[in-house]
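Working notes, structure below.
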Amino acid sequence: MVVAKEKLRLDKYLWSIRLFKTRSQASEACEKGKVKMNGTSVKAAKTVNVGEEYEVKTEARKWVIKVADLLHTRVQYSEAIKYYIDLTPAEEIEKSTFQSESFHTGKRLSKVGRPTKKQRRNMEGFMDEE
């Protein structure tokens, strides 16, 4: 007979299903009110139960998830997605994909912005010929 662990903290669950990279990020999101249940913010120490729905705001997007089963350890993504049901509205998903396309990585697009060294030399030569 397998005895299941009946209690699981919300921050640990969100970390184990891979919505956050670290458990501390998950608990910080709870503290800042980015994790809600029925419209009210919940604490990181809240016990998770099967069937509950949560609204979670991550850096990437806003999630609406329903707990399908409890997951106590972090597993690979293909396994983790079996432990929750994604109820996120389609327009929210579309909005997040649009934002990720325009996400600034710090790199400039090729041939846009500052001139290259060759272009600067050509400009200097052009300006000197006056």
Measuring from its Cα centre, the stretch 10-99 shows a charge dipole (+1 at each Lys and Arg Cβ, -1 at each Asp and Glu Cβ) which, in debye to the nearest 20, is 300 debye
Sorting 76, 24, 37 by the position of each Cα along the dipole of the stretch 10-99 (Lys, Arg +1; Asp, Glu -1; all at Cβ), the one nearest the positive end of that ordering is 24
Note, the stretch 75-88: 3J(HN,Hα) by Karplus (6.51, -1.76, 1.60, θ = phi - 60°), whole Hz, Gly/Pro = x, goes 10, 5, 4, 4, 7, 5, 5, 7, 9, 8, 10, 7, 9, 4
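FYI, it's all coordinate maths here, none of it is from the lab. Here the structure is a predicted model, which is why all the values come from computation and not from measurement. For neighbour counting, all protein chains shown are included, and Cβ atoms are generated from backbone atoms with ideal geometry for every residue, glycine included.
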